[in-house]
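Right, one structure below, let's go through it.
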Amino acid sequence: MSSDTKHRPRRMRSSYSSLTAHGEPWVWLTGGALALAIMMITGLLAFIAFRGASTFWPVPLELVELADGGRALGEVSERDQAEAATAKTAGRGSRRLVRTANFEVSGHHYQWFDDTAIARASRPEWATVVERLEGGRFHGFPLRLLHGDEVVAVGPEETWKAFEREHPVVRRRWREAMRIDRHERGLLQRQLRAARLAVVQARLDAGPAVAGSVAVSAGQKAATAAEQEVIARVGRQSAELDARTGRLRQENEGWGLEVETADGIKKVIPLEGIVRACQPNRLSLAGKFGVYGSRWSEFLGDDPREANSAGGVFPAIWGTVAMTLIMALLVAPFGVLAALYLREYASPGAVTTAVRIAINNLAGVPSIVYGAFGLGFFCYALGGGIDELFFRASLVADNQPTFGTGGLLWASLTLALLTLPVVIVATEEALSAVPNSMREGSYACGAGKWQTIRRIVLPRALPGIMTGLILAMARGAGEVAPLMLVGVKKLALDLPIDGRFPFVHPEREFMHLAYLIYDVGFQSPNSQAAKPMVFTITFLLVTIIALLNVAAIWIRSRLKRRYVSQQF
Amino acid sequence: MNIQAETTPERGGNPEAFSAAVPADRLQAVAAGRDVPAEVHPEVREVTPVLEIDRFNLWYGGKQALHGITMPIPHNKVTALIGPSGCGKSTLLRSVNRLNDLVQSVRITGDMRLNGDSIYDPRMDVIELRKRMGMVFQKPNPFPMSIYENVVYALRIDGENNRAVLDEVCELSLRGAALWDEVKDRLHESAIGLSGGQQQRLCIARAIAAEPEVLLLDEPCSALDPIATGKVEELIQELRGRYSVLIVTHNMQQASRTSDYTAFMYLGRLIEYGSTSGIFTKPILRETEAYVTGRFG
């Protein structure tokens, strides 16, 4: 400007102003907040991962000899400081929680022992953990291996050798018998039911019986004849199966492991009821890893037993993954179409804004409300309607709904509804992030609106839409409350997809890991023993959700590389 | 979009006032909202027009952006629109292919004719209309697809799926846009990976793929570096004679180098229109001379 000479250099202020100008405190504040959040999240995950992964590690068995002569054998699962339980010792002493197992003998799963009351604690070499099909674990020392009246082996070492030889054979026979019972016999049951329902259906088809008329329609006759034939055939096959399982069971009968508990009680455990047995005190590291791996593979691949507190969670893994994927498949088209209309077609105005606000509010509705809606609308109204139309015979004959009750399809639909707002909002954002210049470029080439959306806008918005789907999947996979109403069950061993026609059974009830956490952790009769299992299931659920997300993020980054430019 | 059948309503036009203002200070008169007749050089009246703009007015809401523009755009020549920012060059360009239809508040009167067909005729199918033109924007806007698909986009949306036809058009257009040698080995790679200048030439290839009757370039070089600008200008030179080009530019040198005709606009009005040599060497108005020599704007 003209009057340069009048300007004196502006006086600089103290370093205090430069502190606020540089904003050092804000850097620390924001950085601290982030660090705190990360610490909490990683801490939680690390805790779950550690507890979840250590559940199956074989823990040494400790033989506790009390001053008053009592003896107990078990895993020390917790130590703490507490008011002494006995009157003799004053003040706070340390105590330990021992998983003594042997519930049917002692009446306890766990017992607290004050350290002051313990005379001696040792780790005997032959202390054995026996994991049973029923009745929980059994701790003791192997005495003899029995086969009926015959004593196969005596003494811990001999017995153990014999056990390791005979046990797999017995278990193989048991598994075969179980397979026959569950699958082949189940198949026969289903054929019987189908034939019976066909008769009912034929009666329904014939229409209401005219009074005094004994005429029977041709269809009914045929169906009845077919049923008789099926009954006869199933009877024959059933007898065959009986013979086979009888043979297997007979061969297994009599095999037993005699075990002596710490306080001297002897018990014979049938060999076919033993899932696994090991002596953690004499296991080498490799042996421990063997047991660890074996327990994990049972956990991941087998059905649950003992009210879900032991065994595997395979049906729940299956249910969780299937439900989440079906939900994503359902919610994606719905959400994207709705967002497309809102962003590309609807003219901006009060109504559009109101709809948008309503959608955002939907995201805040408690999930149990969605569950109640799903039960009322999908299960009862839609499912009931389907049953009336296609599965009347089952309703009339067995009073058993097919689609008119909770199931995988209805649960997925309910969750799709629940996560719809997330997808709509994310898609809208992705659409609005598509530069207008792209749309104009397309219009200038003579493209119509839909052509522009389909060829230009949607591909470009796909990564953003994927982000919405990822969020939706993460939310959906962790929901429990609505699922309890629309199809998740404590135990549902029949998977919704199997080898039987029509192969896909979306009406079936299913198991879910998140519900399993609730069930095992808080509904289990033996909550102490179930606690490690809860951690493992949580660990598994978090891992599965993380894997689903990683897969989706991988797809998204591929799309991004393909469709979204970094201009200049 | 509201098209009024009536032609230019006289808005703020006062013959006495502007006769007094001309030529003393025409630009101030325009700024004051008075109507000023455009100075059109005689050589322009003799051209064969591909596009005739006829008393065209345009309003954004209540604000008038174009005032009674009347100008013929010559066939197979390059016509440059110059003028300071906000003078309505881009608006005029976007009115030619009716991209302004997308803006809610736009209202127009007057008409344009493409080879005799009224552009703003209510019976005109705007999608068919746009297929007869090509447009290149300020910022390169390649579509999120392969180079090949970018070029044949206009044909694809027209339902052309014959591979042989598409291949031929793709090569011809890319050659026409002087890009063929650079991309012929990676036609099926994403267009996003190209440099800015290549992207803009790709956009030109896309615009000429459908054999447009008129090619609209909206400041095609403003987002490019000098080397890329040079290539695009060279390309415009090559297009001359084969395509009717209407180009908006801020760059006087570019206008003088690339165009055959130049129109100078100011605040939504056409001020002077003539052959490029005429406008740059012997303009009728001293305002035009001041602008093209860089003394204002």
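The values are calculated or read from the model by the stated rules, or taken from the named source; none is laboratory data. Note that the coordinates shown come from a computational prediction; the quantities given were computed from them, not determined experimentally. Every residue, glycine among them, receives a Cβ derived from its backbone with ideal geometry; neighbour counts consider all protein chains shown.
Would you mention how many residues in the stretch A:47-68 are in a helix (DSSP H, G or I) and not aliphatic (A, V, I, L, M)?
Final tally of qualifying residues: 5.
Is it fair to say residue B:272 is closer than 30 Å to residue B:31 by Cα, of a type in the set (Asp, Glu) and assigned to a strand (DSSP E or B)?
In short, yes.
Whether any residue in the stretch A:449-461 is touching a residue at least 40 places away in the same chain (Cβ under 8 Å), buried (at least 20 other Cβ atoms within 10 Å of the Cβ) and over 30 Å from residue B:145 (Cα atoms) is what I want to check.
No, the stretch A:449-461 contains no residue that is touching a residue at least 40 places away in the same chain (Cβ under 8 Å), buried (at least 20 other Cβ atoms within 10 Å of the Cβ) and over 30 Å from residue B:145 (Cα atoms).
List the number of the failed condition for residue B:247; all other conditions in (1) crowded, with 19+ Cβ neighbours inside 10 Å; (2) within 16 Å of the chain's Cα centre (by Cα); (3) assigned to a helix (DSSP H, G or I) hold.
The single condition residue B:247 does not satisfy is (3).
Among the candidates A:283, A:329, A:325, A:300, which residue alone is outside the structural domain of residue A:195 (by TED's automatic domain parsing), surrounded by fewer than 19 Cβ atoms within 10 Å (Cβ to Cβ) and under 30 Å from residue A:67 (Cα atoms)?
A:283
Which residues, taken from the stretch A:317-352, are over 21 Å from residue A:434 (Cβ atoms), without any contact (Cβ under 8 Å) to a residue 12 or more places away in the chain and among the β-branched types (Val, Ile, Thr)?
A:351
Please find, within the stretch A:154-190, the residue that is farthest from residue A:267 (Cα to Cα) out of those that are crowded, with 17+ Cβ neighbours inside 10 Å and either in the same structural domain as residue A:525 (by TED's automatic domain parsing) or among the charged types (D, E, K, R) (or both).
A:185
With respect to residue A:354, is the statement that it is at negative phi and at pLDDT below 90 true?
no
For the stretch A:414-421, does any single residue satisfy the condition of being crowded, with 20+ Cβ neighbours inside 10 Å, at pLDDT below 90 and not small (Gly, Ala, Ser)?
No, the stretch A:414-421 has no match at all.
Can you tell me which residue among A:437, A:432, A:394 is of a type in the set (Ser, Thr, Tyr) and within 14 Å of chain B (Cβ to nearest Cβ)?
Details: A:432 fails: within 14 Å of chain B (Cβ to nearest Cβ); A:394 fails: within 14 Å of chain B (Cβ to nearest Cβ).
A:437 is the lone residue from the list that is of a type in the set (Ser, Thr, Tyr) and within 14 Å of chain B (Cβ to nearest Cβ).
Go through A:540, A:495 for me and flag whichever is modelled with pLDDT of 85 or more, within 16 Å of the chain's Cα centre (by Cα) and either of a type in the set (A, V, I, L, M, F, W, C) or surrounded by fewer than 20 Cβ atoms within 10 Å (Cβ to Cβ) (or both).
From the options A:540, A:495, the qualifying one is A:540.
When you check residue A:470 against the structure, is it part of a helix (DSSP H, G or I), closer than 28 Å to residue A:369 by Cβ and β-branched (Val, Ile, Thr), yes or no?
Yes: the conditions hold for residue A:470.
Can you pull out the residues in the stretch B:143-164 that are assigned to a loop (DSSP other than H, G, I, E, B), within 8 Å of chain A (Cβ to nearest Cβ) and under 20 Å from residue B:194 (Cβ atoms)?
Within the stretch B:143-164, B:143, B:144, B:145 qualify.
Residue by residue through the stretch A:103-142, note down the ones that are β-branched (Val, Ile, Thr), over 23 Å from residue A:156 (Cβ atoms) and not in a strand (DSSP E or B). Quick ask: steps written out before the conclusion?
Within the stretch A:103-142, the first condition is being β-branched (Val, Ile, Thr), and the residues that meet it are A:105, A:116, A:118, A:128-130.
Next cut, over 23 Å from residue A:156 (Cβ atoms) only: A:116, A:118.
If the condition is that a residue be β-branched (Val, Ile, Thr), over 23 Å from residue A:156 (Cβ atoms) and not in a strand (DSSP E or B), then A:116 is the only one that fits.
Every residue in the stretch B:170-202 that is touching a residue at least 40 places away in the same chain (Cβ under 8 Å), more than 24 Å from the chain's Cα centre (by Cα) and within 14 Å of chain A (Cβ to nearest Cβ), please.
B:188, B:189, B:190, B:191, B:192, B:194, listed by residue number.
If a residue must be in a strand (DSSP E or B) and in contact with a Pro (Cβ under 9 Å, 6 or more places away or on another chain), how many such residues does the stretch A:154-175 contain?
Taking the stretch A:154-175 and keeping what is in a strand (DSSP E or B), we get A:154.
In the following step, the residues that additionally are in contact with a Pro (Cβ under 9 Å, 6 or more places away or on another chain) were identified as none.
Matching residues across the stretch A:154-175 total 0.
Got a number for residues in the stretch B:128-156 being within 24 Å of the chain's Cα centre (by Cα) and farther than 21 Å from residue B:243 by Cβ?
Total meeting the criteria: 2.
Could you pull out the residue among B:95, B:85 that is surrounded by fewer than 21 Cβ atoms within 10 Å (Cβ to Cβ) and of a type in the set (Ser, Thr, Tyr)?
Going through B:95, B:85 in turn, the sole match is B:85.
For residue A:464, state whether it is out of contact with any Cys (no Cβ under 8 Å at 6 or more places or on another chain), surrounded by 21 or more Cβ atoms within 10 Å (Cβ to Cβ), without any contact (Cβ under 8 Å) to a residue 12 or more places away in the chain and within 14 Å of another protein chain (Cβ to nearest Cβ). So that I can check it myself, show each step before the final result.
Details: out of contact with any Cys (no Cβ under 8 Å at 6 or more places or on another chain): yes; surrounded by 21 or more Cβ atoms within 10 Å (Cβ to Cβ): yes; without any contact (Cβ under 8 Å) to a residue 12 or more places away in the chain: no; within 14 Å of another protein chain (Cβ to nearest Cβ): yes.
It is false that residue A:464 is out of contact with any Cys (no Cβ under 8 Å at 6 or more places or on another chain), surrounded by 21 or more Cβ atoms within 10 Å (Cβ to Cβ), without any contact (Cβ under 8 Å) to a residue 12 or more places away in the chain and within 14 Å of another protein chain (Cβ to nearest Cβ).
If you scan the stretch A:388-408, which residues turn out to be more than 21 Å from residue A:483 (Cα to Cα) and either touching a strand residue (DSSP E or B) at 6+ places or on another chain (Cβ under 8 Å) or surrounded by 15 or more Cβ atoms within 10 Å (Cβ to Cβ) (or both)?
Of the residues in the stretch A:388-408, the ones more than 21 Å from residue A:483 (Cα to Cα) are A:388-399.
Once the filter is applied, which keeps residues that are more than 21 Å from residue A:483 (Cα to Cα) and either touching a strand residue (DSSP E or B) at 6+ places or on another chain (Cβ under 8 Å) or surrounded by 15 or more Cβ atoms within 10 Å (Cβ to Cβ) (or both), the stretch A:388-408 yields A:391, A:392, A:393, A:394, A:395, A:397.
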